[in-house]
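The structure under discussion appears below in the form of structure tokens.
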Amino acid sequence: MSSYYDSAVIGAGPAGLAAASRMAELGLKVLVLDEQPRPGGQIYRNVENASPATLQLMGEDYRRGLDLIKRFNHSSAHYESNAMVWQTSSDGRICYSRNRKSREIKAGHIVVATGAMERPCPIPGWNLPGVMGAGAANNLAKEAGLTPSGRVVLAGSGPLLLLEASLLIEKGVEIAAILETTPKLPSPNTLVHLIPALRRTDFLAKGLKMVRTIKKSGILHHKAVTKLRAVGGDRLKRVEAVANGKTVAFEAELLLLHFGVIPSTHLFRLMGCTMEYNDRQRYWYPVCDSWGRTNHENVFATGDGSGVRGALAAEYKGELAALEIGHCCGIIPHYERDELASPIRAMLYSDNLPRPLVDEIYAPAAGAHFFEDETVLCRCENVTVGDVRKAVKEGVRNVNEVKIVTRCGMGPCQGRMCGPALAEIVAAEAKTEVEQVGLLTVRPPLKPIPLGEVAEMELELGSQEQADLFKNMRK
Amino acid sequence: MFKRDQHTDNENVAVILDGETTNLPGNMSVAASLLSEGRIVAKISPASKKPCSPHCLMGVCYECLMEIDGVKQQACMVEIQEGMVINRRLGTMEED
Amino acid sequence: MISADVIVIGGGISGAATALGLVKSGAGKVLVFDEQLPAQRPSRGNFGLTWFMCKGANNPSYARWCRMAIDQWPDFAAELEQETGYDLELEWTGGAIQAFDDEQYQAHAKSIEILKNICAEVDLDYPVQMFSREGFADMIPDIELGRDVTGVMYTDRQGHVNPLKLLAAVRCALQQKGGEYFAAHTVSRIVPEKEGAIRVETTKGNFRCGRLVVAAGHGIPKLLAPLGAKVPIYPQRGQLMVSERYDRVLDIPFLCTRQTPDGTFVIGLSTEDTGLDDSVTMAAMKSQAANAIRLFPILKNLNWVRSWGAIRIMTPDGAPIYTKLTDYPNITVLALHSAVSLAPLNISEIAPWILEQQESSMINHFRNERFNV
């Protein structure tokens, strides 16, 4: 296998697939490293093997993945499934593990298309068995045809929470309650964003249908709930919250949490990409130009990883990065790049029209979640909110300093599950802004790998083979 | 906690789960396969000593870390295979 | 302007422990300024050994200084734990260095002879001995030594500690005793004033003190340059890697691998000339992992979870610099690596010396002037 590529794409969701297909179609030598067994990312997970029933239920927004993957499979991009990237650097070197072996390759350009993740939000009891992300239930449905059995509570905020609720309703799942933390009345800013959104009636219709499904089901649906809490011993027994000033409680076997979606930023941070904080959505994202180029000339951010805008936008962003890389590789002139980009930019613009409205309605408020001292914040290392507060009281002002004092963020997940809330808590305790308390430093390995694999891996030393024009003739 | 949809058709594979030969549905991740059989506890947390179950099912949370063929791996990221040796090391904890 | 008796610039282990020592020695009002920039955080990148073995082969004063420090460690830790409630995870289980072949074994044995003689010159013993492979295997029955290990150099008079807990505990004790700790305070300038007072200008206002301690690691040159002073320190990188937790099988720390009480293995030993670049390199990860597996084959299937690079404060002879500036004798500079091992001395020796409560003939060996020959 080759060890040098014009471009390495990390992730095979809509952004990665579109970028890789386009670059390969332009004639670039492209490698796609996908952590999953099959292309599609989270949104189009397992779509190639989906049953007609699943395709029917998930609808057109899922089926679209089939076309994308078909195009990708037809292209010359080299696809490595189950390839877990554990180190990247801005000089183009990438280390990844596959079939229990690690190797290092070099790429002229790196396209990071690692998407987004659900915003982890430590409510009391969130680490009990039986509490999951709503996205997890969605993934299980796509990947394995699994449907929750027993009583389910859905809680949190964001359109995907309601989408998941409507899917489960259609499947006939017994839902005890939907507990939304979103305020009942949207902020006045919403009105500003309503007008552009009205230009996308298709989008609004989809939203209305979802809400109608929920309403028609007659399922208890509380809004503006606070003090959400999962209760149980060795597993979930009950979900509690305060709604309309009263404590409500529901026996449940499964609690599905969802608090919106944030970019997965570990790869960017590992490579030293400049990060910016989105104060409204309360997440970090890599700074990039309109092609997706980060502060590193050869590192591109595409898809939801560069800012959450959904699957279609991800696809378009992937295309744009691909065109610019094609241009940089000397395959297309700048005017062809711009010409090809023009309709894509128009689609991206149109797709984005309703986004500010949705973002505004579901914008997370600072201090919206109540963090109890006893709540486990870092699941890997069992560090509580109180432990972090104590460190701040002893003078610590930066999340990395909290990490070394408390071990918060030191476990196998590398701060993915605790990082965002950690910053919120430290900022609140230190009476400052999230931006001021830093971001957890990311170092290799991005994901744990066996020491033996590192010890045995071959390092990429460049293409130093001796010239031999006739080597293919001897094969 | 989960049931398999009627239209799914995944052939079982035989694995050694916590020392015992066990048939589990194939063609899905180890985590999904265990969940589909109601086995929700993935590990005992080495830090808190309390049981954990898969949380994200997309390779982020590491709550489903278990020993698969001799190495701790994320059960949601590994496809279940015939003959796999899976150890969750649940100790004396009882599963229901 | 806030006034203090002593200001310490640098809240790493050396700075914070010295500040604690100053408070305990009755220095009055003591402030610590701690900016936590990457190149200035070696106290967060430590391996965690409390170690004297092999140190000072070129320098009897340093050998003696290290032995003194290590002998004080158990009491120092006990007191700190009692004061703060922190568990430093100190284990006084000795320390070991493996030999992978006969040549290394002989070299280790020879180093023991040399250091025994050096220590004898200053009336110190050097309680280190060589063990055969089989002999040492009996001491660590729960973990298998690699095939290549021919023998082990070992002392039972040292141990290992959680360096992060140490840092937190020292900082906590300092504040409990009335010292004040200011995080995220960058000192921009040191200005000597009339009659011996010193003004310390920070990004959050100016302060005044009678004595100043500069323990700012690689931040020292910036602070001393305007005073016309310098210390010959240079950066040296070390890289470390950490494994996932495993059953506790190894309680004796090795120089390149130790298992912490919570079960993780800490691996690594590198001394690299890379300026202030604290990156982690794949070449180092590969060789360190291979070396650790060669020592303990069981590590092969254990997951590597974290890694980091940290920048030592290195001096030309490897020994610490403890010095009072010639032109400003109320400004003390502390510049050193191995801050964990030497931490007890910040309280018992360094603080009283700064306050001129006691003369220390030993500390004089570590003055900056030794390099001006």
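The values are calculated or read from the model by the stated rules, or taken from the named source; none is laboratory data. In this text the structure is predicted, and so the values were computed from the model without any measurement. Reconstructed Cβ throughout: ideal geometry from the backbone, glycine too, with neighbour counts over all protein chains shown. Accessible surface is based on the protein model in full, side chains and every heavy atom, while ligands, DNA and RNA are left aside. Shrake-Rupley method; radii C 1.70, N 1.55, O 1.52, S 1.80 Å.
Summary of values
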{"item": "Nitroxide proxy distance, nm - points 7 Å out along Cα→Cβ at A:R71 and C:D262", "result": "4.7 nm"}
{"item": "Given charges at beta-carbon only (K, R positive; D, E negative), |dipole| of segment C:140-288 in Debye", "result": "820 debye"}
{"item": "Charge sum, other residues only, whose C-beta stays under 12 Å from C:D278's C-beta, Lys/Arg counted +1 and Asp/Glu -1", "result": "+3"}
{"item": "Pairs beyond 18 Å (Cα-Cα), from A:K142/B:K72; A:K390/B:K43; A:K447/B:K72; A:K171/A:K223; C:K165/C:K222; A:K142/A:K171", "result": "A:K142/B:K72; A:K390/B:K43; A:K171/A:K223; C:K165/C:K222"}
{"item": "With at most 16 other Cβ atoms within 10 Å, longest stretch of chain B clear of loop trypsin sites (Lys or Arg not before Pro) (DSSP)", "result": "B:1-48"}
{"item": "Chain B: most fluctuating residue of B:L57, B:L24, B:L65 per GNM, C-alpha cutoff 10 Å", "result": "B:L57"}
{"item": "Residue-count net charge about A:F371 - beta-carbon cut-off 9 Å; Lys, Arg +1, Asp, Glu -1", "result": "-2"}
{"item": "Interatomic Cα distance distribution for chain C, bins of 20 angstrom, percent", "result": "29, 57, 14, 0"}
{"item": "Efficiency of FRET from Cβ geometry, C:Q176 and C:R208, R₀ 25 Å, rounded to 0.05", "result": "0.50"}
{"item": "Surface accessible to a 1.4 Å probe, per residue, for the residues of segment A:38-162, Å²", "result": "32 Å²"}
{"item": "Calculated [θ] (222 nm, deg cm²/dmol) that DSSP helices of n ≥ 4 give over chain A, each run adding -39,500 (n - 2.57)", "result": "-11000 deg cm²/dmol"}
{"item": "Chain C, helix-only ellipticity at 222 nm - DSSP H runs n ≥ 4, -39,500 (n - 2.57), divided by all residues, nearest 500", "result": "-9000 deg cm²/dmol"}
{"item": "Per residue value of the accessible surface for segment B:12-87 (all protein chains in place, 1.4 Å probe), Å²", "result": "32 Å²"}
{"item": "Using θ = phi - 60° and Karplus 6.51 cos²θ - 1.76 cosθ + 1.60, couplings along segment A:445-455 (whole Hz; Gly, Pro as x)", "result": "x, 4, 9, x, 9, x, 4, x, 5, 5, 4"}
{"item": "Dipole of chain A, positive direction: furthest Cα of A:P37, A:G125, A:A249, with charges on the beta-carbon", "result": "A:A249"}
{"item": "Segment B:12-87 - percent of accessible surface contributed by carbon and sulfur, probe 1.4 Å", "result": "44 percent"}
{"item": "Contact surface C-A: accessible area buried, both sides summed, square angstrom, 1.4 angstrom probe", "result": "3000 Å²"}
{"item": "Of the trypsin sites (Lys or Arg not before Pro) in segment C:239-332, those whose Cβ has at most 13 other Cβ within 10 Å and which sit in DSSP loop", "result": "C:R248"}
{"item": "Sequence-distant residues sharing a close amide H with A:V248 (under 5 Å, placed H)", "result": "A:A241, A:V242, A:A243"}
{"item": "Chain B, helix-only ellipticity at 222 nm - DSSP H runs n ≥ 4, -39,500 (n - 2.57), divided by all residues, nearest 500", "result": "-2000 deg cm²/dmol"}
{"item": "Point-to-point label distance, A:S81-C:E356, nm (Cα→Cβ direction, 7 Å offset)", "result": "7.8 nm"}
{"item": "Amide H contacts of A:N278 (H built 1.01 Å from N, under 5 Å, at least 5 apart or other chain)", "result": "A:Y283, A:W284, A:Y285"}
{"item": "Chain C: most fluctuating residue of C:T203, C:T186, C:T18 per GNM, C-alpha cutoff 10 Å", "result": "C:T203"}
{"item": "Segment C:99-221: radius of gyration over Cα atoms, expressed as a fraction of 2.2 N^0.38 Å", "result": "1.77"}
{"item": "Partnerless Cys - chain A, beta-carbon criterion under 4.7 Å", "result": "A:C95, A:C121, A:C273, A:C288, A:C328, A:C329, A:C380, A:C413"}
{"item": "Gaussian network model of chain C, springs between alpha carbon atoms under 10 Å - residue of C:A107, C:A343, C:A137 with greatest fluctuation", "result": "C:A107"}
{"item": "Hull shadow area, averaged, segment A:323-475 [alpha-carbon convex hull, nm²]", "result": "17.1 nm²"}
{"item": "Longest exposed-site-free window of chain A, the sites being chymotrypsin sites (Phe, Trp or Tyr not before Pro) in a DSSP loop that have at most 16 other C-beta atoms within 10 Å", "result": "A:1-369"}
{"item": "Dipole magnitude (debye, nearest 20) for segment A:120-259, charges at Cβ of Lys, Arg, Asp, Glu", "result": "460 debye"}
{"item": "In segment C:117-212, chymotrypsin sites (Phe, Trp or Tyr not before Pro) in a DSSP loop with at most 13 other beta-carbon atoms within 10 Å", "result": "none"}
{"item": "Where GluC sites (Glu not before Pro) fall in DSSP loop in segment A:317-396, at most 11 other Cβ within 10 Å", "result": "A:E374"}
{"item": "Heavy-atom surface of segment A:207-319, accessible at 1.4 Å and reported per residue (Å²)", "result": "42 Å²"}
{"item": "Distance between modelled label sites at C:D247 and C:M1, nm, 7 Å Cα→Cβ extension", "result": "6.4 nm"}
{"item": "Net charge dipole size for the protein assembly as shown [Lys, Arg +1 and Asp, Glu -1 on Cβ; Debye, nearest 20]", "result": "2100 debye"}
{"item": "Exposed GluC sites (Glu not before Pro) absent - longest run of chain C, DSSP non-H/G/I/E/B, at most 10 other C-beta within 10 Å", "result": "C:1-192"}
{"item": "Cβ-based charge dipole, segment C:226-317, positive-most Cα from C:Q239, C:A289, C:P316", "result": "C:A289"}
{"item": "In sequence order, calculated HN-Hα J values of segment C:7-17 (Karplus, 6.51, -1.76, 1.60; Hz; x Gly/Pro)", "result": "10, 10, 9, x, x, x, 4, 5, x, 5, 5"}
{"item": "Portion, in percent, of the accessible area of chain C that falls on carbon or sulfur, probe 1.4 Å", "result": "48 percent"}
{"item": "Vicinal HN-Hα couplings computed from phi for segment C:118-130 (Karplus, 6.51 cos²θ - 1.76 cosθ + 1.60; Hz; Gly/Pro x)", "result": "4, 5, 4, 4, 10, 6, 10, 8, 9, x, 10, 9, 8"}
{"item": "Gain upon complete extension [A:Q436, A:E339; 0.36 nm per residue less C-alpha separation]", "result": "30.8 nm"}
{"item": "Calculated P(r) tail over 35 Å for chain A, as whole % of Cα pairs", "result": "34 percent"}
{"item": "Calculated SAXS-style log₁₀ I(q)/I(0) at q = 0.08, 0.11 Å⁻¹ - the protein assembly as shown, Debye, Cα scatterers", "result": "-0.82, -1.39"}
{"item": "Positive-end extreme of charge dipole, segment A:376-437 - chosen from A:L377, A:V396, A:G419 (charges on Cβ)", "result": "A:L377"}
{"item": "Centroid-to-centroid separation of segment A:216-250 and segment C:39-86 [C-alpha atoms, Å]", "result": "53 Å"}
{"item": "Pairwise burial B:A, computed as accessible area of each alone minus the pair, summed, 1.4 Å, Å²", "result": "3700 Å²"}
{"item": "Projected-area mean, segment A:120-259, by convex hull of Cα positions, square nanometres", "result": "9.2 nm²"}
{"item": "Accessible area of segment A:36-177 belonging to carbon and sulfur atoms, whole % at 1.4 Å probe", "result": "49 percent"}
{"item": "Dimensionless Rg ratio for chain B, taking C-alpha atoms and the 2.2 N^0.38 Å reference", "result": "1.01"}
